[in-house]
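Just so it is clear, none of the values below were taken in a lab; they were calculated from the coordinates. Quantities reported herein were computed from a predicted structural model and do not represent experimental measurements. Cβ: placed from backbone, ideal geometry, glycine included. Neighbour counts: every protein chain shown.
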Amino acid sequence: MSWAPTAASSPLIRRDSAGWDRFSCRAAAPKDDRSRTATRVDDLLRIPCVLMRGGTSKGPFFLRDDLPADAARRDALLIEIMGGGHPLEIDGIGGGNTLSSKVAIVGPPTRDGADVDYLFAQVAVDRRLVDTGPNCGNMLSAVGPFAIEKGLVAAEADGTRVRIHNTNTGKIIEALVSTPGGALRYQGDAAIDGVPGTAAPVYLAFREASGAKTGKLLPSGSPQEVIAGVPVSLIDGATPVVIARAETFGLTGSEPAAALDADRGFMARLETIRLEAGRRMGLGDVRDQVLPKPVLIGAPAAGGDLAVRYFTPHACHTALATTGAVTVAMAATLPDSIVGGALPGLALPAALGLEHPTGRMDVRIERDPATGEPTVFVMRTCRSLFEGAALVRRKSDGPAGPPRLSICNLSVVTGRKP
């Protein structure tokens, strides 16, 4: 069926008072029966994307081929799309919060054993800066469904396993996506704290959960050390973190996120520790990087195993990053680490309930019989929220002239990259 039927060919088409077909992207045929072709009507460039919630984060998802291959040009484009550099991201589609100023870029795999590539980009809210150092496990949960929607992965009848190569870290994470009867399903009965309502579950298996950035679970070689008078563990699991006991700062680990953010003295002290942790982990000067992430742990207050407060890094996460939860779980397997000391006698397989500001995240740790290494399993949910195009300023038409644009699907149809 054509997406632009004429009134003469379809009895379902009705003209409104302006003469436009209600169910078409094309104007109704004029009396002389000559149709009009949609062309560029403004000076903005349209880049196809889908806005998705992944876990407790959200942001636009792009196909890799729809963005510039050059990293500097790509990052400049993402800053404009998201509106980075303004506290409200008022001139972009970002949400003015680190959890909603995220971007996922997906394409065919460049590593054997993977089905797709996934690059995560954190666009700073307060600065015009893009950091592609970390992975985001919450956004990761929407990569499989997006890949299926875009035809990069074929859906299977009893659930589809998608092997995702995270190009930020070089690691492969497996996602099991709900596809009953070969149809992608977003609706379901699974609930995660920090997100209202329910949705279909997405199961993630982190089988390569050590050394995401440094290649070592213990980058400094020690499970515990002291920075600025505070005992810490420097752990590089699914993401590099510096873990400390909340009680060291006179806290419980169950404080509201806003209360921690408002304590400027505490936040300044935490940043001093983070900067030194980055140096010791071999990450260099991390003042303009989001890694490593600080984590506080404390005694549970709501029936879990640990209270966890995760920082992004200059604000407390209102829930818990998936990669942060995975890394805390990996630290739990080390008896001499800060986390291992809080969970004496932990034996695998084990389930951990990690309390966060808006609820709890449950993870399961098993030992891979083939490698002997721990594997961490997490359940998340996701949903497609909006699809269309991000609109950006056209810098130059270039020698090929202005591209033709389709106002029906809001996509670039020139065949050349922006």
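Note on D285 and A72: the extension gain reaches 74.6 nm, defined as 0.36 nm multiplied by sequence separation minus the Cα-Cα distance.
When each of the peptides 160-171, 79-90 is scored by the mean number of other C-beta atoms lying within 10 Å of its residues, the order from highest to lowest reads 160-171, 79-90. Each Lys and Arg contributes +1 and each Asp and Glu -1, all at the Cβ; summed about the Cα centre of segment 142-194, the dipole is approximately 240 debye. Listed by chain and number, the aspartates and glutamates whose alpha-carbon sits under 17 Å from that of K293, ignoring those within fewer than 8 places in the same chain, are D131, E225, D236, D261, E271, E276, D285. Relative to one another, the C-alpha centroids of segment 89-116 and segment 120-171 are positioned 6 Å apart. Checking every one of the chymotrypsin sites (Phe, Trp or Tyr not before Pro) in segment 119-205 against DSSP loop status and a limit of 11 other Cβ atoms within 10 Å picks out no site at all. Averaging Cα coordinates gives a centre for segment 334-360 and one for segment 255-320; these two points are 17 Å apart. Does segment 97-194 come out rounded, prolate or oblate by the C-alpha gyration tensor, with a ≥ b ≥ c the root eigenvalues, rounded set by a/c under 1.5 and, if not, prolate when a/b is larger than b/c and oblate if not? Verdict is oblate for segment 97-194.
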